[in-house]
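The values are calculated or read from the model by the stated rules, or taken from the named source; none is laboratory data. Quantities reported herein were computed from a predicted structural model and do not represent experimental measurements. No Cβ is skipped: glycine too gets one built from the backbone with ideal geometry, and neighbour counts run over all protein chains shown. Heavy atoms of the whole protein, side chains included, go into the accessibility calculation; ligands, DNA and RNA do not. Shrake-Rupley method; radii C 1.70, N 1.55, O 1.52, S 1.80 Å.
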Amino acid sequence: QVQLVESGGGLVQAGGSLRLSCSASGRTLSIYTVAWFRQAPGKGREFVAAISRSGGNTVYLDSVKGRSAISRDDAKNTVNLEMSRMKPEDTAVYYCAAAEMNLLIRVESLYNYWGRGTLVTVSS
């Protein structure tokens, strides 16, 4: 079983950048599809980005595409999410999740393991 811990959240001004990290322990992250989800205040959790086991394939939420990049660092057993040109609507708790399925999936219920989240606040 893998344990996930997110870091890198905080307060950022609109237009700024942030890098979130998902650190794993217990097992190597390279055997999982890994994704980031987020939950804004008063809203449901939504998919943000996912990366395949090899790191060769990625998929993004339309509203973050072009200003976000998800990547793996297998040496550190982490998956990072870099976001730029941030907007107030990016304010949310960001969660890292790992799936045993070898597919790029956006469906929350198909992810087996979850971190506790890190809060990102974008000020206008």
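Tell me, which residue of the stretch 73-92 that is within 15 Å of Leu20 (Cβ to Cβ) and open to solvent by 40 Å² or more (accessible area, probe 1.4 Å) is farthest from the chain's Cα centre (by Cα)?
Lys76
Taking the stretch 20-57 as the region of interest, how many residues are surrounded by fewer than 14 Cβ atoms within 10 Å (Cβ to Cβ) and not in a loop (DSSP other than H, G, I, E, B)?
Within the stretch 20-57, residues that are surrounded by fewer than 14 Cβ atoms within 10 Å (Cβ to Cβ) and not in a loop (DSSP other than H, G, I, E, B) number 2.
Test each condition in (1) within 15 Å of Trp114 (Cα to Cα); (2) touching a Gly at 6+ places or on another chain (Cβ under 9 Å); (3) of a type in the set (S, T, N, Q) for Ser7 and report the one that comes out false.
(2)
Identify the single condition in (1) open to solvent by less than 20 Å² (accessible area, probe 1.4 Å); (2) part of a loop (DSSP other than H, G, I, E, B); (3) not acidic (Asp, Glu) that Gly66 does not satisfy, given that it satisfies every other one.
Failing condition for Gly66: (1).
With the structure loaded, tell me whether Val79 is assigned to a strand (DSSP E or B), touching a residue at least 60 places away in the same chain (Cβ under 8 Å) and closer than 18 Å to Gly117 by Cα or whether it fails that test.
Working: assigned to a strand (DSSP E or B): yes; touching a residue at least 60 places away in the same chain (Cβ under 8 Å): no; closer than 18 Å to Gly117 by Cα: yes.
When the stated conditions are applied, Val79 does not pass them.
Going by what's in this entry, would Val12 be described as of a type in the set (A, V, I, L, M), in a strand (DSSP E or B) and farther than 15 Å from Tyr95 by Cβ?
Working: of a type in the set (A, V, I, L, M): yes; in a strand (DSSP E or B): yes; farther than 15 Å from Tyr95 by Cβ: yes.
So Val12 passes the test.
Just a yes or no: is a residue in the stretch 36-49 among the aliphatic types (A, V, I, L, M), within 11 Å of the chain's Cα centre (by Cα) and more than 18 Å from Gly16 (Cβ to Cβ)? Walk me through how you get there before you give the answer.
We begin by selecting, within the stretch 36-49, every residue among the aliphatic types (A, V, I, L, M); these are 40, 48-49.
Still in the list and also within 11 Å of the chain's Cα centre (by Cα): 48-49.
Checking which are more than 18 Å from Gly16 (Cβ to Cβ) leaves us with 49.
Yes, the stretch 36-49 contains a residue that is among the aliphatic types (A, V, I, L, M), within 11 Å of the chain's Cα centre (by Cα) and more than 18 Å from Gly16 (Cβ to Cβ).
Condition check ((1) within 20 Å of Ala14 (Cα to Cα); (2) acidic (Asp, Glu); (3) touching a Lys or Arg at 6+ places or on another chain (Cβ under 7 Å)) across all residues:
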position	(1), (2), (3)
Gly66	yes, no, no
Arg72	no, no, no
Asn77	no, no, no
Asp90	yes, yes, no
Tyr94	yes, no, yes
Glu100	no, yes, no
Leu110	no, no, no
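Using the structure shown, decide if Gly15 is more than 11 Å from the chain's Cα centre (by Cα), more than 18 Å from Met101 (Cα to Cα), exposed (fewer than 14 other Cβ atoms within 10 Å of the Cβ) and free of Cβ contacts under 8 Å to residues at least 12 places away in the same chain. Can you show your working first?
Values: more than 11 Å from the chain's Cα centre (by Cα): yes; more than 18 Å from Met101 (Cα to Cα): yes; exposed (fewer than 14 other Cβ atoms within 10 Å of the Cβ): yes; free of Cβ contacts under 8 Å to residues at least 12 places away in the same chain: no.
So Gly15 fails the test.
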